[in-house]
1. Determine whether residue 73 is in contact with a helix residue (DSSP H, G or I) (Cβ under 6 Å, 6 or more places away or on another chain), crowded, with 16+ Cβ neighbours inside 10 Å and not acidic (Asp, Glu).
2. Among the residues of the stretch 45-84, write down those that are of a type in the set (Gly, Ala, Ser) and either over 21 Å from residue 108 (Cβ atoms) or in contact (Cβ under 8 Å) with a residue 12 or more places away in the chain (or both).
3. Can you give me the number of residues within the stretch 109-129 that are surrounded by 18 or more Cβ atoms within 10 Å (Cβ to Cβ), farther than 14 Å from residue 79 by Cβ and among the β-branched types (Val, Ile, Thr)?
4. Could you list all residues from the stretch 6-33 that are surrounded by 11 or more Cβ atoms within 10 Å (Cβ to Cβ) and either over 30 Å from residue 112 (Cα atoms) or in contact with a Cys (Cβ under 7 Å, 6 or more places away or on another chain) (or both)?
5. Which residues, counting only those in the stretch 25-77, are part of a helix (DSSP H, G or I), among the charged types (D, E, K, R) and under 19 Å from the mean Cα position of the chain (by Cα)?
6. State the number of residues belonging to the stretch 90-123 that are without any contact (Cβ under 8 Å) to a residue 40 or more places away in the chain and more than 23 Å from the chain's Cα centre (by Cα).
7. Name every residue in the stretch 1-43 that is over 16 Å from residue 56 (Cβ atoms) and among the small types (Gly, Ala, Ser), in order of residue number.
8. Give 90, 77 a once-over and let me know the one that is outside the structural domain of residue 27 (by TED's automatic domain parsing) and farther than 30 Å from residue 190 by Cβ.
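The values are calculated or read from the model by the stated rules, or taken from the named source; none is laboratory data. This one's a predicted model, so the numbers in the text were calculated from it and none came from an experiment. Neighbour counts run over all protein chains shown; Cβ positions are idealised from the backbone, glycine included.
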Amino acid sequence: MLEWNPNDPDTVKVHYDVSGWSIDQRAELSEALAEADLAHVWEDEEVVVPEELEADVDALFARLEAVLGPFAVALDPDDPGVEYGLDEWPAPDRQTLAHALIVAEIPHRWDGPTLVVAGDAESSVDELLDGIEQGTLVVAGAGEGAPEGALDTLFAASDRLARDPDDRTGRSDLADLVPRLAPAATPYGMSVATWARIIDAARALGDLADDEASSSSDIIGAAQDLRSLVRQYVS
């Protein structure tokens, strides 16, 4: 990791505002920065890096956005905003609204169950609220998770193929499931980054199983890799 002193007045620093990111998304960012050995510090809701790492950090942010995004647009601190008290709304409706605000790129912040939005977005937010209350608003991706039993199926298929690379059931179950997996649609309680790694391993195994030129040892190795990733998440 590059050694640098963020308090050195002669150091040129680059700031990344992640105030619109959720706690889980920030945790994923911290983990990714550490794994990539990219020097950084946190200043309130900003990640600060030395200028010489800007290109590397830009690339990392782009990769994370593809997996974790889209991200919420933070409300300008100077904008008093318009408040909506949603204490009596059920959690699923608030989750739908939160996703809709992100998709619509409406600047906002949450103070517990209270929503504060940009003043010039009030009419748009009113329409979203009406749509949710009337049951007419459907936001693609909101509330969606991984297919039921996905982890069990992945473990069983990888275990079969680790024992026998020609196992038809393992190949068939994998071919049916993998196209339905999406990084953003995670199993309950699993981080997006972990789920993305599992999907990558499942796709790699599926590609090898479909390729007639693949050797048995390659398929077995890929199956063992997937099985190791999934093992701790199945009973």
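1. Judged against the criteria, residue 73 is not a match.
2. Across the stretch 45-84, the qualifying residues are 55, 59, 62, 66, 72, 74, 81.
3. Qualifying residue count, the stretch 109-129: 0.
4. 6, 11, 13, 14
5. Those that are part of a helix (DSSP H, G or I), among the charged types (D, E, K, R) and under 19 Å from the mean Cα position of the chain (by Cα): 26, 28, 31, 35, 58, 63, 65.
6. Total meeting the criteria: 5.
7. 19, 20, 22, 27
8. Answer to the check: 77.
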